[in-house]
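Notes for the one structure printed next.
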Amino acid sequence: MGAGSNFSNGSNGNGLATRGGILNNHNKNAAIIKKDPLLGDLINRGVKIDPKKVVFTAKDKSGQVVWLESGNEKSGLQHIRKHTKDFVSKHNIQDKHLVGHLKNVIKKGVVVSSRQKTLANGKIGIEKIYRYKGKYYTLGAIGTNGYIVSMYPIDGGE
């Protein structure tokens, strides 16, 4: 096996060996897929995603796989937390339960509206309104790749 071998560490392509100059992350991806198959699917489709920053993945009733990252001031969970008072007043959801609530809204809620639009970040995305438990309406701004840019409660699905 030596310097010219296909697998630089002799591990037959398993582990973090190089194969043709490309890092072989087979075992790493296999562990991710086993732990979170939806995240694994996103990675396998080539979606730019950092598994360490993912808060959750979910598939909504329309079949779209979405994910929430820890984010920043403009998108993701950190951005959504700016709406904590609204979630408390409109959905009676405290901050410590916000992530679980959002995941349930996406997984179990009914998509009552879905349309393509230009999001606040200037990118094309999808605006979805979810109805959850027949009474909670949540507006979601989701990138075409499934990244949750923002979510916040609204009244009556409007």
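Read-outs throughout are calculated quantities, based only on the coordinates presented, and are distinct from any laboratory measurement. Everything numeric here is computed off the predicted structure, so don't read it as measured data. With ideal geometry, Cβ positions are generated from the backbone for all residues, glycine too; neighbour counts draw on all protein chains shown.
For the listed residue pairs Lys48/Lys135; Lys53/Lys117; Lys35/Lys108; Lys35/Lys61; Lys34/Lys117; Lys35/Lys128, the alpha carbons are over 32 angstrom apart in Lys48/Lys135; Lys34/Lys117.
From the Cα gyration tensor of segment 50-154, with a ≥ b ≥ c the square roots of its eigenvalues, which class applies: rounded if a/c is under 1.5, or else prolate if a/b is larger than b/c, or else oblate? Rounded, since a/c falls under 1.5. Counting only Cβ charges, +1 for Lys and Arg and -1 for Asp and Glu, the dipole size of segment 50-154 around its Cα centre is about 280 debye. Distance between the modelled labels on Gln78 and Lys117, one decimal in nanometres: 2.5 nm (7 Å Cα→Cβ projection).
If you plug the beta carbon distance of Lys135 and Val47 into 1/(1 + (r/R0)^6) with R0 = 35 Å, you get a FRET efficiency near 0.60.
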